[in-house]
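A short write-up of the structure that comes next.
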Amino acid sequence: MAGNVNPTVRRRRLGQELRRLREDRGMTAEEVADRLLVSQSKISRLENGRRSISPRDVRDLCGVYEVEDRRLVDSLMQMAKESRQQGWWHAFAELSPTYSVYIGLEADASSLRVYEPQVVPGLMQTPAYASAVISGALPEVGEDEVASRVQVRMRRQQRVWDDRQPLRLWAVVDEAALRRQVGGRATMIDQLGRLMECSRLPHVTLQVMPFTAGAHPGVNGQYTILEFPEATDSTVIYLEGGTSDLYLEKPHDVQHYSVMYEHLRAQALSPEESRTLIAKITEEYGS
């Protein structure tokens with residue numbers, strides 16, 4: 001494994017390899033769980049990379065799958081050791097374990113396609129706007145936790161502004177997100193200015209879905225499509241929930257959301273038209 005591959009992605013790749021071995025043996029996750037006296041959900045979490053994989057887990061699974069190639073077993077066990085290393089985001093894992101999983105995937109993604117109906121996408125938020133959004137969404141958390149979450153969000157944004165290996169970002173943002181006054185007029189003026197800056201980066205495309213578009217494929221809510229540089233890494237659809245998140249990787253799910261995103265891009269304003277609308281809304285906040 002390449003040294004610069006983050007632990008979350010290592011877990012995904014290892015999980016995919018373990019799933020392949022199980023399927024080659026013609027076994028179901030339930031059958032494997034029965035053999036190892038563990039829950040079926042544990043096997044599923046190991047295979048989809050949502051649970052840390054220990055070398056012992058790998059050894060036990062390879063035993064069930066009757067893997068005779070010792071070099072393969074040793075390689076998979078080494079992958080398990082590497083997958084347990086920690087990325088920068090693990091310092092904030094206590095804020096939300098599921099959020100930590102997402103950040104790990106985002107850190108290794110080569111491109112993101114985002115649809116956001118309610119607020120400005122996190123990768124484009126100013127600190128003041130982010131603080132106001134987090135405080136509003138999580139009214140029971142203290143100031144220290146809000147500050148930590150803002151810190152994580154700002155750290156994630158470094159890839160957007162990285163000239164050497166920038167994250168390719170395509171965002172469709174509903175007009176409602178631009179008109180919802182978060183943090184006051186001054187905060188919104190600064191936030192819309194940041195959107196304009198981001199929209200001019202060569203690797204960023206920003207489109208606004210205007211109210212005049214009416215009903216469209218994104219009315220069911222926010223989602224993100226993550227794509228990775230390695231051809232063997234499957235595309236991931238991320239759906240953020242209030243208490244738990246959902247990750248979809250099956251081909252028909254990826255196809256469904258990808259087609260929906262194409263419709264969103266087609267119905268949204270062009271990037272230039274979007275900047276014109278953002279400038280108009282900015283003037284309204286300043287009047």
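Among the residues of this structure, E116 does not count as one that is of a type in the set (D, E, K, R) and over 28 Å from P210 (Cβ atoms). Counting only residues that are open to solvent by less than 40 Å² (accessible area, probe 1.4 Å) and closer than 22 Å to Q157 by Cα, the range 200-218 holds 7 of them. Residue-level check: of (1) touching a helix residue (DSSP H, G or I) at 6+ places or on another chain (Cβ under 8 Å); (2) closer than 21 Å to I281 by Cα, I225 misses just (2).
If only residues of the range 222-240 that are in contact (Cβ under 8 Å) with a residue 24 or more places away in the chain and aliphatic (A, V, I, L, M) are counted, the one that is farthest from G15 (Cα to Cα) is I225.
Residue-level check: of (1) in contact (Cβ under 8 Å) with a residue 60 or more places away in the chain; (2) in a helix (DSSP H, G or I); (3) in contact with a Phe, Trp or Tyr (Cβ under 8 Å, 6 or more places away or on another chain), Y257 misses just (1). The set of residues from the range 181-194 being of a type in the set (A, V, I, L, M) and exposed (fewer than 14 other Cβ atoms within 10 Å of the Cβ) comprises just one member, A186. The single condition among (1) crowded, with 19+ Cβ neighbours inside 10 Å; (2) at pLDDT 90 or above that V101 does not meet is (2). Any idea which of A147, A128, A177, A171 is among the aliphatic types (A, V, I, L, M), closer than 30 Å to P229 by Cβ and assigned to a helix (DSSP H, G or I)? After applying the criteria, what remains is A177.
On inspection, E106 passes the criterion of being of a type in the set (D, E), closer than 29 Å to R13 by Cα and at pLDDT 85 or above.
Screening S111, S131 for residues that are open to solvent by less than 50 Å² (accessible area, probe 1.4 Å), within 16 Å of the chain's Cα centre (by Cα), among the polar types (S, T, N, Q) and modelled with pLDDT of 90 or more leaves exactly one candidate, S111. Mind counting the residues in the range 54-73 that are under 15 Å from A29 (Cα atoms) and either within 30 Å of the chain's Cα centre (by Cα) or open to solvent by 30 Å² or more (accessible area, probe 1.4 Å) (or both)? The total comes to 5. Of all residues in the range 175-186, those that are closer than 12 Å to G136 by Cβ have Cβ atoms under 8 Å from Cβ atoms of residues that are open to solvent by 80 Å² or more (accessible area, probe 1.4 Å) and part of a loop (DSSP other than H, G, I, E, B), 6 or more apart or on another chain, in R180/Q118.
Only one of the listed residues (A186, A213) is over 21 Å from the mean Cα position of the chain (by Cα), of a type outside the set (F, W, Y) and farther than 16 Å from E273 by Cα. That residue is A186. State yes or no: is V204 of a type outside the set (K, R) and either in contact with a strand residue (DSSP E or B) (Cβ under 6 Å, 6 or more places away or on another chain) or under 15 Å from P117 (Cα atoms) (or both)? Yes.
Residue by residue, here is whether (1) touching a residue at least 24 places away in the same chain (Cβ under 8 Å); (2) open to solvent by 40 Å² or more (accessible area, probe 1.4 Å); (3) in a strand (DSSP E or B) holds:
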residue: N220; (1), (2), (3): no, yes, no
residue: G242; (1), (2), (3): no, yes, no
residue: L264; (1), (2), (3): yes, no, no
residue: R275; (1), (2), (3): yes, yes, no
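When you look at E197, is it open to solvent by less than 30 Å² (accessible area, probe 1.4 Å), under 29 Å from Q267 (Cα atoms) and charged (D, E, K, R), yes or no? For E197, the condition - open to solvent by less than 30 Å² (accessible area, probe 1.4 Å), under 29 Å from Q267 (Cα atoms) and charged (D, E, K, R) - is not met.
The values are calculated or read from the model by the stated rules, or taken from the named source; none is laboratory data. What you see is a predicted model; the values in this text were computed from it and never measured. Note: ideal-geometry Cβ built from the backbone for every residue, glycine included; neighbour counts use all protein chains shown. Side chains are part of the model used for accessible areas, which takes the heavy atoms of the whole protein and leaves out ligands, DNA and RNA. Shrake-Rupley method; radii C 1.70, N 1.55, O 1.52, S 1.80 Å.
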